[in-house]
Amino acid sequence: MRYFFLLVTVFVCSSCIAQDPYVVLNGERFTVEIAETPDKQALGLMFRENLPDDHGMLFPFPVAAKRSFWMKNTRIPLDIFYFDENLALVSVSENTPPCRAQYCPSYPSSGPAKYVLELNAGKAAELGVQAGDVLQLHLD
């Protein structure tokens, strides 16, 4: 009987363990860091030497607006995905190159975006994303 209660306790407690936040895009799951503060958004993925293949960074904003990202001090090439308030893909900046110069170009969304997702360069092509594809958020 003790083993039964132990087994039930382990099962119940294992469901309480928090998962890392993740998103799903075109059936592919990516663990994400969430840049929820202005300071984290300004830092983004700067100074990182690598990004695991199944990881990314999600930038949630309070309202949808035209967004523009740059790659200053970013050391790895990225795909930058822009999503609207309904989590539908607006546009992608594919294979966005790192920038170590003093002045770096910006990469704007083609329309209002409320969420921005950064993944390793090449993911957009690998996933075959198209405008309108929906991002699934699992942030709890």
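Key figures
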| quantity | calculated |
| --- | --- |
| Rounded if a/c under 1.5, otherwise prolate or oblate - region 79-127, Cα gyration tensor axes | oblate |
| Qualifying lysines (Cα of each under 16 Å from Cα of K72; at least 8 residues distant if same chain) | K40 |
| Ranked packing of 68-74, 126-132, 52-58, most packed first, by mean Cβ within 10 Å | 68-74, 52-58, 126-132 |
| Cβ-derived FRET efficiency at R0 22 Å, Q102 paired with R75, nearest 0.05 | 0.85 |
| Relative contact order (%) - criterion: Cα under 8 Å, at least six apart; region: the chain | 28 percent |
| Solvent-accessible area per residue for region 64-140 (1.4 angstrom probe, square angstrom) | 49 Å² |
| Net lengthening on full extension, D53/I34 (0.36 nm per residue, minus Cα-Cα) | 5.2 nm |
| Calculated FRET value between D140 and M46, using beta carbons and R₀ = 30 Å, to 0.05 | 0.65 |
| Angle between the chain longest axis and helix 2-14 axis [Cα atoms, degrees, rounded to 10] | 10 degrees |
| Where GluC sites (Glu not before Pro) fall in DSSP loop in region 21-99, at most 11 other Cβ within 10 Å | E49 |
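The values are calculated or read from the model by the stated rules, or taken from the named source; none is laboratory data. Keep in mind that what you see is a predicted model, and the values were worked out from it rather than measured. Glycine also receives a Cβ, built like all others from the backbone with ideal geometry; neighbour counts cover every protein chain displayed. To get the accessible areas, we keep the full protein, side chains included, count just its heavy atoms, and leave off ligands, DNA and RNA. Shrake-Rupley method; radii C 1.70, N 1.55, O 1.52, S 1.80 Å.
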